[in-house]
Amino acid sequence: MARIIAIDYGTKRTGVAVTDELQLIASGLTTVPTKDIFKFLATYLAEEKVEAMVIGEPKRMNNEASDVEEHIVRFRESVEKKHPELKIIRQDERFTSKMAFQTMIDSGIGKKKRQNKALVDQISATIILQDYLYNK
C-alpha cells in the first residue's frame, strides 16, 4: 500500500501529516512555509509512494466556506495539474486548531512551546488525517 498525505493549508504555513504504509496511523510530518509547499511536495512524492492527499476544508459554523478556501481551491488545482496520479480528498477541518492546542496541553507541552504555530499546524494536519482514516 501507499501512504496518504494530509495538508492543513494556510496562507503563511502549511501543516503536513502522513500515514504509515498500511494507512493505519496518522503522524505529523512537518510544517512548511506555504511559499515552499510545491517544492516540498515534489521532493516528498519522489521519495515516498503516496496514493492520496487529504486537504483540510475550513468551514464556518453555518457551513459556509471560510476566507482561506479560495486559496485552497487554487492550491488543489495546482496539485491536480502537477500530480495527476494523486487522489484528492477534502476533509472538514472545523475545530482542528483548537483540538491541536488542547492536545498540546494534554500532552504536557509547556506554555512557550504551545505558542509555536508551526507545531499547531502540524498537529492540525494529523487530526485532519486521523479523522479521514476514522471515517473512510
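List the lysines whose Cα lies under 24 Å from the Cα of Lys12, skipping any in the same chain that are fewer than 8 positions away.
Those lysines meeting the cut-off are Lys35, Lys39, Lys59, Lys81, Lys82, Lys98, Lys111, Lys112, Lys113, Lys117.
Defining a contact as two alpha carbons under 8 Å apart and six or more residues distant in sequence, what relative contact order in percent does segment 8-108 show?
That works out to 24 percent.
Of all beta bridges DSSP finds with both residues in the chain, what is the antiparallel percent, to the nearest 5?
Among the beta bridges of the chain, antiparallel pairing accounts for roughly 50 percent.
Say the dipole of the chain comes from +1 at the beta carbon of Lys and Arg and -1 at that of Asp and Glu; which of Ala17, Gln91, Val50 then lies farthest toward its positive end?
The one lying farthest along the dipole's positive direction is Ala17.
Skipping prolines and chain starts, which residues have an amide H placed within reach, meaning under 5 Å, of the one on Gly10, given they are 5 or more residues away or on another chain?
Those qualifying (amide H under 5 Å, at least 5 residues apart or on another chain) are Gly15.
Given (i) -0.24, -0.36, -0.43, -0.89; (ii) -0.35, -0.50, -0.57, -0.95; (iii) -0.36, -0.52, -0.61, -1.08 as candidate values of log10 I(q)/I(0) by the Debye sum over Cα atoms at q = 0.09, 0.11, 0.12, 0.17 Å⁻¹, which corresponds to the one derived from the coordinates?
(i)
Every number here is computed from the coordinates shown, using simple stated rules; none is lab data. All figures in this text were calculated on a predicted structure; none of them were measured in a lab. In this analysis, Cβ positions are derived from the backbone assuming ideal geometry, glycine residues included, and neighbour counts consider all displayed protein chains.
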